Amino acid sequence: MKHEELPLLNIFKNLRQQHGLLLGVDEYMVVLRSLQAGLGVESRQELEELCCLVWAKSEQENHLIRQIFEKMWQILPTQSGNQVRGIPEPRTLPESNISLPEKPTVTKPLSDASSDEKPAPEPSQVDELAELESKPTIIPEPLQTVQAVRSSRQDRLQIRPHYSLLSEYFPVTKRQMKQSWRYLRRPVREGIPIELDVEATVAKIGHEGMLLTPVLIPRLTNRTDLVLLIDQEGSMVPFHDLSRQLVETAERGGRLRQTHVFYFHDYADDYLYRHPALLDAQPISEVMEEIGQRAVVLIVSDAGAARGNFDQERVEETKQWIEQLQQSVRYCAWLNPMPNEYWRDTTAGEIARLLPMFEMSRQGMNGAISVLRGRYVAWEKMYSWLI
């Protein structure tokens, strides 16, 4: 029997689909090229060893491949020309611990050496032959293998559920956050003079009549110091990813001079915390002295809107805290991750009367940045129920 007539494709597909071996088209093509080069055609044992060498990755897979080949030798019809350069008679393999589907084996009578016709298989052998024998096809075997692997992959993809893990917080993406932070600028010229002052240089040439040395000025740098005060735990747990994205985009893409981040729970009592787990406490008075009067403060909190209730004590404590904050810094704004329609008749609605509060959206973040830049924003008109 020629090696082209061996049902290697069916064995390959059986190992992949029935027994779950991690095999690809490359492994199958290696065996085909080896057979075409004359390797593995001297004997049945050499063919089995070739397939085990390429396809098996453990001792158990090695035994499995040998058992499937032994089954194939028993099912294939015995012919006078069943040797590829003299394949010997089937040999007995050692027993393996791998359990294969048990199927009835039928002893097939040997064919007459002088007969050219193949004996018809017994009825009980039809099922087994259907598993191992290659079906006639005009498609070349390598191309057929590629199609089989692709179809098997598509079947697995249809069965496997698809999940997508999103790292963005909508309706504001990381890119939009970075763009909004870059509007928070207070440019000041400082440092070494390295930029050309065109107007001063032209005026100097007109005064001296020639160009001796150009007039250089320092480069414009952003002198904005941002302080983020972020509410943690409680009703803010669902918005922790939002808080992390705000901090990340401000520190890495905001092009600010400095970014200070502090945390609190509900409202700042006497301390602020440098760690999100409310660790490393620092008195508010020290924080205000450290950041300076030129810093701008952005508070991130739902202000009680997530729970939908009204807490008068929280309103009073927050009012005292905001008054203390406004005495230390010039500009301060509030970002609320809850939509503004949920603020009404809640603690957030009352706090929104104390300082500019904006919802966490592209428009709201731009409005908060405008307030921090010192520009007037008629934020009360955005929420008519506050008036």
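So which residues in segment 298-324 are touching a helix residue (DSSP H, G or I) at 6+ places or on another chain (Cβ under 9 Å) and surrounded by fewer than 19 Cβ atoms within 10 Å (Cβ to Cβ)? Listed by number, the residues that qualify are ARG307, GLY308, ASN309, PHE310, ASP311, GLN312, ARG314, LYS319, GLN324. Scoring LEU184 on the criteria (1) closer than 30 Å to GLY308 by Cα; (2) of a type in the set (A, V, I, L, M, F, W, C); (3) not in a strand (DSSP E or B) leaves a single failure, condition (1). Considered as a group, the residues in segment 224-241 that are farther than 25 Å from TYR331 by Cβ and not aliphatic (A, V, I, L, M) include one that is surrounded by the fewest Cβ atoms within 10 Å (Cβ to Cβ), and that residue is PRO238.
Against the conditions (1) surrounded by 13 or more Cβ atoms within 10 Å (Cβ to Cβ); (2) assigned to a helix (DSSP H, G or I); (3) modelled with pLDDT under 90, THR221 satisfies every one except (2).
Pairs linking a residue in segment 281-300 that is on the phi > 0 side of the Ramachandran plot to a residue that is among the hydrophobic types (A, V, I, L, M, F, W, C), with Cβ atoms under 9 Å and 6 or more positions apart or on different chains, are GLY292/VAL329. Scanning segment 13-27 for residues that are modelled with pLDDT under 85 and either assigned to a helix (DSSP H, G or I) or within 20 Å of TRP73 (Cα to Cα) (or both) yields LYS13, ASN14, ARG16, GLN17, GLN18, HIS19, VAL25, ASP26, GLU27.
The values are calculated or read from the model by the stated rules, or taken from the named source; none is laboratory data. Everything numeric here is computed off the predicted structure, so don't read it as measured data. So basically every Cβ, Gly included, is an ideal-geometry build from the backbone, and we count neighbours across all protein chains shown.
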